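The structure appears below as structure tokens.
The values are calculated or read from the model by the stated rules, or taken from the named source; none is laboratory data. Please read these numbers as outputs of a predicted model, since none were measured by experiment. FYI the Cβ positions are ideal-geometry reconstructions off the backbone, even for glycines, and counts take in every protein chain you see. We work out accessible area using only protein heavy atoms, side chains counted, and drop any ligands, DNA or RNA first. Shrake-Rupley method; radii C 1.70, N 1.55, O 1.52, S 1.80 Å.
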Amino acid sequence: MTYLTKPKFHHPSLPKNALGYTRRDYEAATSTLCAGCGHDSISAAIIEASFELAIEPHRVAKISGIGCSSKTPTYFLGASHGFNSVHGRMPSVLTGANLANRDLIYLGISGDGDSASIGFGQFAHALRRGVNMTYIVENNGVYGLTKGQFSATADRGSKSKKGAVNTDNAIDLVAMALQLGATFVARSFSGDKTQLVPIIKAAIAHRGAAFIDVISPCIAFNNHPGSTKSLDYVRAHNEAVNALDIMIGRDAITVDYEPGKVVEVTQHDGSVLTLRKLNDDYDPSDRLAAMNFLQQEAARGRIVTGLLYVDGEADDLHRHFNTVAMPLNQLNEPELCPGSKALDKINAGLR
Amino acid sequence: MPLTAVNDFVIRFANVNGSGSASANEMFARAIMRMGIPMSPRNVFPSNIQGLPTWYEVRVTEANHLGARGGTDIMVAMNPQTYNADVASIEPDGYLVYDSTRAMPPGKPRTDINLIGIPLTAICNKEYSDPRQRQLFKNIICIGALSALLDMDITELEKLVGEQYRSKEKLIQPNIHALHLGRAYAEANFKCPIGLKLKRSDKVGDRILIEGNAAAALGAVYGGATVCAWYPITPSSSVAENFTKFCGKYRHDPATGEARYAIVQAEDEIASIGMVVGAAWNGARAFTATSGPGISLMQELFGFAYFAEIPSVIIDVQRAGPSTGMPTRTQQCDLINCAYASHGDTKHILLMPEDAAEAFEFTAGAFDYADRLQTPVFVLLDLDIGMNHRLSRPLQWDDARLYDRGKVMTAADLEAGKDFGRYTDVDGDAIPFRTYPGTHPTKGGYFTRGTSHDARAKYSEEGVDYVEGMQRLLRKHETAKGILPRPLRHDAGKPTRFGVIYYGSTAPAMHEAAEILTARGHTLDLMRVRAFPFHQDVASFIADHDFVFVVEQNRDAQLRSLIVNELDIDPVRLVPILHYDGTSITARFISAAIGDRLDALKVTPLRKAMS
């Protein structure tokens, strides 16, 4: 944690993206989280992904709940509209916001307490509705703001900092997301920026409900021996099934891949997801197989990471509702009000 | 002597839920309306799906008394299960219409009522072989018989059958046949009409027959709501269902067929209000419809929307609480829970429509008030208004009316250099400007949070910033008083020490009660409160009287408490008149309760008493 505010001036040679923005334009206030917190790495990955995608920062709505993770929208994309809502209710607030204006990019930022406990219901329903969003859970298995209680994603048998052993079964949000019909499901690790940044980029480009579970060790309360969410533990048990490159439609594919080692998925917006297979048997377009594989590996104590499932033909809630292309918040009296003549007819029918 | 009355009686149908009686009963009520006679129907139904009792009451009232009257002059007893209680509830010298096919259920017969036995089952069985037909036509045959007994114009019933089955023409003739079967039996076996009669009149005028929930839904359509998030709960579900129906009709792009609205049946009430808050934050007009238990669940986000100043509209169709309470019975019991909803110091805008027409107007208006005041607005309906058809003045819309979107700073404003501080009171009405997310690349962005913030939306725990914000929210409520629908005062025309304050669905019963009390020699000034926070006129009205009766439908005198609390009124001067058994409040109840108190206060001079 640093108390120094970042200087505003830019080095003239800072690289710029297609919109002419530098990385600094995607940054925000200095984090007040603990030094070394995994969440800060995720914020950095979001900044990097947004910079590389050349997103207009003000066209992003970053919406969160309550908790350490939900504080992070203050620390990235300072020019975006932030909404720090109430505990566990980010998914509903995001759903409503998305319905009002389908043209913005929606980043839902949540934690394991926010999404797997108090907000488990809203997590589930936002995914099953197919809200077009990138839903990131910064998952550390512990309540940090209230100093170290287990969360619902803490593994059974893992040990708290004070020595208590968790006897409850863990909720695997990735397994849930797959079952609930999320059309983009990934897991990553806050310490693996190379893996995380392309996943966030692909999720933003995805039209539909994209869910990313990011294991993010809590330096203060869950980084000790006996924890299954510590830096060391996650590093030792991480099994990445693929490595992702995302190509926005207009870009030419320039990287050469070994034949048979690549899966390509074209998304609605024209972006091409190129997945280098790290596990030959893993097929990210097969939802059932993904669910099986996750369970098998979990039983072996492995944490599976990578882009685990993607449906290139995904739809979103607006498509289900067949809403007009113009955002609902821009419609006015002529489009919305049936007028007095229609009302007279209604009156006549009620006599 | 059998009861006699023309266009002034109460008929009650005691039915078995799910037997198809509802549409026949409604047709009966509509035929009376078509004869130009004002009438007021009420559904009385228990909280279950099928097989238990349900009642449909029609008050025929040439004098336009649309509140419930109490008592039954003619009972159509079709439910053996409730037969004894139904018979017991008939007014002395009233009438009992029953199915005489089988022997009457055991029980002490009443000798002070008039029996009209019609062998409905026998007539049906002779005419129809299909069991479902027998059931359905039995209701129609009964209505046919009543048309003769009450001298109802049969052509009105025939026309209604034609309208109802316009798309299923095959059913028109059989239904008309069934009507005549009943009518012919009654004409052949009884002296028709009986003492209670219908006589064509012209007192309905251009009024319409509509349920408050449907009117509120139309108000949301006309008021420009584009996002509706809701969770099913009696008695509010038909608000969202009607909104869905009307949007299907009026809100699709004629060229593409695409929807200019989004309706989500959410997973619960918390998600419903979350979606409303999210959508409204993002500049759409959004609402939810719920009832008491939903209001309890939504509390946290009400506080958020109040503190972060996000417009939102909540339609609360009140039912009897606490807890599950009596879910199909009416009350006005959510006032306090809505007025001060959520933790911390909060206060919310309440609108209290008296009927369907105001449900339409206030709901449409609620979106303007919410956008203008940037705060939650509650439209307080109740089951009595929401789920009953009621005669109402026609709904009206001024095509020149524009939506008041409140203080929204546009990209052009920002570009022109207007200073934007999200929570800054720039022009003294305590309402700040807001931007819709995504307005401008570098200006106009801000962080929305439930934590305390300064005038520029920056997180702040400074006491000064917090107090300033909380004080401004109070001042905003002062601004609201000048914007919201004003209370309506109706003075008796001669001096009186007594006033009455009432609101919502109590209105028709109160107006009738005032007539009764006037006839009893009591003079009362009336004030109908229509919004919270209270306009100054409410305090003035109370100041003008020694005692003010506050008539409402809950146990704890919630409006009275609000008045005492907000206007610093001595509680002794506000006399609670409370009706909360779940049935609609009646003029009989109000006039008795107020009249008895006034009688006790009325000191007759000794000389006059002796003479």
Summed for both chains, how many Å² of accessible area, to the nearest 100, are buried between B and A with a 1.4 Å probe?
-> 4900
Over the whole of B:387-393, what's the average partner chain Cβ count within 10 Å per residue? Rounded to a whole number, please.
-> 1
Shielding by other protein chains, B:444-453, mean Cβ within 10 Å | 5
Rg to Rh, two decimals, where segment B:1-132 supplies the alpha carbon set and Rh follows Kirkwood | 0.96
Cross-link pairs beyond the 19 Å C-alpha cut-off, checked among A:Lys345/B:Lys245; B:Lys494/B:Lys602; A:Lys162/A:Lys229; A:Lys16/B:Lys418; A:Lys341/B:Lys249; A:Lys16/A:Lys201 | A:Lys16/B:Lys418
Work out the P(r) tail for segment A:23-326: percent of alpha carbon pairs separated by more than 28 Å, whole number.
-> 32
The relative contact order of chain A, taking Cα pairs under 8 Å that sit 6 or more residues apart, comes to a percentage of 15
From phi via Karplus (6.51, -1.76, 1.60), per-residue ³J(HN,Hα) for segment B:316-327 in Hz, x at Gly/Pro | 10, 8, 6, 9, 5, x, x, 6, 5, x, 10, x
For n ≥ 4 DSSP H runs only, could you compute -39500 (n - 2.57) per run for chain A, divide by its residues and tell me the 222 nm figure to the nearest 500?
-> -8000 deg cm²/dmol
Treating the angle as unsigned and between 0 and 90°, give the value, to the nearest 10°, between the Cα long axis of helix B:463-481 and the longest Cα principal axis of chain B.
-> 40
Sequence ranges B:150-158, A:200-208, B:518-526, ranked by mean other-Cβ count within 10 angstrom, highest first = A:200-208, B:150-158, B:518-526
Between Rg and the Kirkwood Rh of segment B:463-536, both from Cα atoms, what is the Rg to Rh ratio?
-> 1.22
Distances over 16 Å make up what percent of all Cα-Cα pairs in segment B:252-346?
-> 59
What number comes out for the charge environment of A:Gly226, summing +1 per Lys or Arg and -1 per Asp or Glu over other residues with Cβ under 14 Å away?
-> +3
Excluding residues fewer than 8 places away in the same chain, name every one of the aspartates and glutamates whose C-alpha is closer than 13 Å to that of A:Lys277.
-> A:Glu239, A:Asp245, A:Glu258, A:Glu264
How big is D for segment B:63-151, in µm² s⁻¹ as a whole number, if Stokes-Einstein is applied with the Kirkwood radius of its Cα pairs at 37 °C and 0.692 mPa s?
-> 229
Cα-based Rg and Dmax for the protein assembly as shown, where Dmax is the largest Cα-Cα distance (Å) = 32.9, 119
Cross-link partners among aspartates and glutamates for B:Lys407, C-alpha distance below 16 Å, same-chain residues fewer than 8 apart left out?
-> B:Glu309, B:Asp368, B:Asp371, B:Asp419, B:Asp425, B:Asp427, B:Asp429
Heavy-atom accessible area of the protein assembly as shown with neighbours in place, 1.4 angstrom probe: carbon+sulfur share in percent works out to 53
The lysines whose Cα lies under 23 Å from the Cα of B:Lys126, excluding any fewer than 8 residues away in the same chain, are B:Lys138, B:Lys170
Column: log10 I(q)/I(0), Debye, Cα scatterers of chain B, q = 0.05, 0.11 Å⁻¹ = -0.26, -1.08
